[in-house]
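I have placed the structure first, in the form of structure tokens, so that the comments after it can refer back to it.
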Amino acid sequence: MTLPADIVNEALDQLGVNSTIGDLEEGSNEARSALRWYGPTLRRMLRKAPWNFARKQFSLTLLNDASGQTPNVGIGTPGMVPWCYEYAWPIDCVRALYVPMNGIRTGSAPSGNIAIPTTPLMPGLGTVPVGRVIPAPFVIAQDSMPILVGVQQNWADTPDYADVLGSAPNQQTVILTNVAQASLVYTALIIYPEQWDVLFRQAFVAALASSLALPCVADKKLALALRTQQVAIAKDALSEAMVANGNEEFYAIDHVPDWLRVRGWGFRHWNEGWRT
């Protein structure tokens with residue numbers, strides 16, 4: 001299995017550094033520098049494009065319901081307006097792509113609501129059209145929802161929030177939308193290099209090498225030149241990876257902007273009034 005240390009050694013090779021590391025936490029100068037830059041660089045590169053190898057769809061966890069009709073969740077706060085539902089941010093989400101418009105309702109209806117029909121009104125209403133995805137509007141926000149309960153007894157009781165994306169001691173990242181039982185299509189944090197696209201890996205190694213040049217190359221003038229060189233290599237490799245990633249797309253996302261959806265509504269009535 002390819003480990004993060006192997007990726008770091010590839011980056012050091014690009015810089016002409018003779019030393020290698022065996023583990024990111026071994027304590028050497030190269031390892032300490034790589035430990036600081038590896039995670040942020042990987043997240044930054046994953047956010048550059050909607051990579052197919054990192055695409056994931058996950059059913060979101062409901063936190064708040066503005067109607068107050070959904071049991072076992074919190075009641076909506078003023079910060080949710082005009083959205084109906086608040087969902088928790090997936091901890092491995094690096095970049096949110098879209099919330100699919102959920103045309104199918106499953107499960108029981110909230111208390112007091114009209115019951116969901118057990119059979120469709122017409123054939124085909126109970127299935128999702130193949131090859132056609134309609135995204136729903138959503139926003140990413142912060143909500144003050146304490147995660148820690150009780151009093152901390154010692155430092156070890158505090159969770160490592162640096163390893164949990166979207167979480168903090170008194171806030172967390174949330175997704176606001178009007179889709180019930182929503183899911184999110186997103187770019188996930190893929191930590192195993194075997195799952196990366198080979199072109200993405202080439203770009204990531206060059207980007208990591210550009211960050212390691214100054215701390216790992218003794219001659220700082222040479223280090224600056226190497227950093228500039230690796231940045232250029234990373235840009236070229238990233239462009240090539242994006243083109244290949246785009247050529248692998250096979251489905252379309254139908255999205256009509258709100259400003260385009262309402263075009264012509266006022267003109268027809270104004271025209272009719274002018275003619276009368």
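Quick one: order MET45, MET242, MET101 from most to least accessible surface, probe 1.4 Å.
MET101, MET242, MET45
Suppose each label sits 7 Å from its Cα in the direction of the beta carbon; what would the ILE134-ASP23 distance come out to in nanometres?
About 5.4 nm separates the two model spin labels.
With every protein chain present, what is the per residue accessible area of segment 26-106 (1.4 Å probe, Å²)?
Here the per-residue accessible area is 52 Å².
Sorting check: for 229-235, 22-28, which peptide has the highest mean count of neighbouring beta carbons within 10 Å, and how do the rest follow?
229-235, 22-28
The values are calculated or read from the model by the stated rules, or taken from the named source; none is laboratory data. The model shown is predicted, which means the values in this text are computed figures rather than measured ones. Note that we place each Cβ from the backbone using ideal geometry, even for glycine, and neighbour counts take in every protein chain shown. Ligands, DNA and RNA are stripped out before the accessible areas are found, and what is left, the full protein with its side chains, is counted by its heavy atoms. Shrake-Rupley method; radii C 1.70, N 1.55, O 1.52, S 1.80 Å.
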